[in-house]
Every structure is written in C-alpha cells, then in structure tokens.
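Chemist: Dropping the structure in here first, questions after.
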Amino acid sequence: MITLHHLENSRSQRILWLLEELGVEYEIRQYSRDTKTNLAPAELLAIHPLGKAPVITDGDLTVAESGAITEYLVNKYDDGRLLPAEGTPERLAYTYWLHYAEGSFMPLMIISLIMHRIETAPMPFFVKPIAKGIVAKVRAGYLGTNTKLHLDYMDSELAGSSWFCGDTMTAADIQMSFALEAAEVRTNLESEYSNLAAYLKKIRALPAYQAGIRKGGPYALMGGK
Ligand SMILES: N[C@@H](CCC(=O)N[C@@H](CS)C(=O)NCC(=O)O)C(=O)O
C-alpha cells in the first residue's frame, strides 16, 4: 500500500492528483504546517531526513522529491497514459518539464517568498529602509526579469500546444501544475499570461485533480510578489 505523506498547502497536492490519475490504492497521512513559521512539522523528519513534502512510502521503499516520486509512480503504475513512449520528442519534452518545474522555475518562487518575508518582517524602523532597498535590488536586478522570462516562455509554449508535451496530458503536466499555481498567487496570469491562466482552468476541471483536492483538504498557496 502506498502512503502519501501530505503537508497542507504544499507540493504534495500534485502527487495526490497523480495518484488519482493512476487509480492506485493509497492512503494519506496528513501533516499541518507550523502556524508561526509555516514550516513542516518535525514528524516528517521521521519519514525522510529532510522532513519535506511530498514523501511517499510504498512497502519498504521511501521516495522523496516530487520529480522522483512522479517517475517512480509512473514507471511502476502507469499503463502508458501519462508517460510518452521512449525515443519520441514527447518523451524528451516530458523529461525536460519534469525537471524544469523544480530545477529552474521553483527557485524563483522561493526567492520571491523570501523577499516578501523580509519586506513584511517586523524590524526596527531604521532597518526597514535598508531591508526594503536590498529587496528592491534583488527584484529589479534578478527576480523580476527572470520571472518574466520564464512566464513568457511557458506561456508561449502553451500557445500552440494543449499540454506541455504535446496533444495529450502527461505526468509532467502534473509536476508543472504546482509551479503555475505558485506563479498564480504572485502574478495576474489572467491579464498577462492568458495561456497559463486557461491551462490552470483546464486542469482544475479534471475529475482526478478535483478528487485530489477533496481528499487533500484545504489548498491555498502563500503569496508574496
Ligand atoms: N524540490 C522538492 C521541494 C520539497 C519542499 O520544499 N516542500 C515544501 C512543501 S511545498 C516543504 O516541505 N516545506 C516545508 C518546510 O520546508 O519545512 C520537491 O519537489 O519535492
């Protein structure tokens, strides 16, 4: 039996969606974030040394890291629906987007979250302008331009294609969903990136996505421009 260690409002939501798509039997162990720090609880450290979500256990195996979990589950349980055939351009695109989500795009979202935390942290009034100045420099010199570069890129990729790897949905789309949901709370996708906004609307209408949301409990991501 597969157990998904699911942290509220987190990347493990996409693994829930994947498990629903695969139609395999699984159980969920729910974890709440610390109300002050928003970090994962220490119990997750007992499952994997990094104490992050998602993590799954399947018999004696423990698998962490969303991309690795996705590969493991798809390789073991998919009937060819969510994984393009080996040697095809779609398979290469699948590998690319599976890695791109966490390897290239999510670091920008994390920097954005940290900048927001610095900006809004309580601090002595005379330190505030210095902190704000540093944040403004990071935004202007790196974060803003790179985030736009990536969003433009993803939006243009979806201009001529229904899914990230072509005409059919793959598990790479499931991996990409969290990246776009993280972008959504920081950017007005509807007005600036219409293909990304339409894509999110489309995945949210899928029965397996909705089943994952029902089973996972509340799902609202933290913002921070
Ligand atoms: N690249 C990892 C990132 C894992 C990660 O940072 N997960 C977040 C949830 S979205 C987490 O556990 N945060 C709580 C914490 O850092 O304590 C993955 O995709 O699995």
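Chemist: Which translational diffusion coefficient, to the nearest whole µm²/s, is obtained for the stretch 30-159 from the Stokes-Einstein equation, given a Kirkwood hydrodynamic radius over C-alpha pairs, 37 °C and 0.692 mPa s?
Modeler: Reported coefficient: 181 µm²/s.
Chemist: Express the accessible area of the chain per residue in Å², computed with a 1.4 Å probe while the remaining protein chains stay in the model.
Modeler: I get 51 Å² per residue for the chain.
Chemist: While we're on this one: Just how large is the dipole of the stretch 12-125 about the Cα centre, in debye to the nearest 20, putting +1 at every Lys and Arg Cβ and -1 at every Asp and Glu Cβ?
Modeler: 520
Chemist: Between M222 and A68, 0.36 nm times their residue separation minus their Cα-Cα distance comes to what?
Modeler: Length gained between M222 and A68: 53.0 nm.
Chemist: With a cap of 14 neighbouring Cβ atoms within 10 Å, and only residues DSSP puts in a loop, list the GluC sites (Glu not before Pro) found in the stretch 7-55.
Modeler: E25
Chemist: Could you point to the residue in I56, F178, Y77 farthest towards the positive end of the chain's charge dipole, with +1 and -1 charges on the Cβ of Lys/Arg and Asp/Glu respectively?
Modeler: With unit charges placed on the Cβ atoms, the residue in question is F178.
Chemist: Please state, to two decimals, what the Cα-based radius of gyration of the chain comes to when divided by 2.2 N^0.38 Å (N = residues).
Modeler: For the chain, the normalised Cα radius of gyration is 1.06.
Chemist: Among the aspartates and glutamates, which have Cα under 14 Å from the Cα of K132 when same-chain residues fewer than 8 positions away are ignored?
Modeler: Within reach: E119.
Chemist: Please check: in the Gaussian network model of the chain (C-alpha springs, under 10 Å), which one of L196, L83, L92 has the largest mean-square fluctuation.
Modeler: Looking only at L196, L83, L92, the biggest GNM fluctuation is shown by L92.
Chemist: Follow-up. Enumerate the lysines that K52 could reach by cross-link, defined here as Cα to Cα under 18 Å, with residues fewer than 8 away along the same chain left out.
Modeler: By straight Cα distance, K52 reaches K36.
The values are calculated or read from the model by the stated rules, or taken from the named source; none is laboratory data. Small disclaimer: the values here were computed from a predicted structure and weren't measured. Every residue, glycine among them, receives a Cβ derived from its backbone with ideal geometry; neighbour counts consider all protein chains shown. In case anyone asks, the SASA skips ligands and DNA or RNA and just uses the protein heavy atoms, side chains included. Shrake-Rupley method; radii C 1.70, N 1.55, O 1.52, S 1.80 Å.
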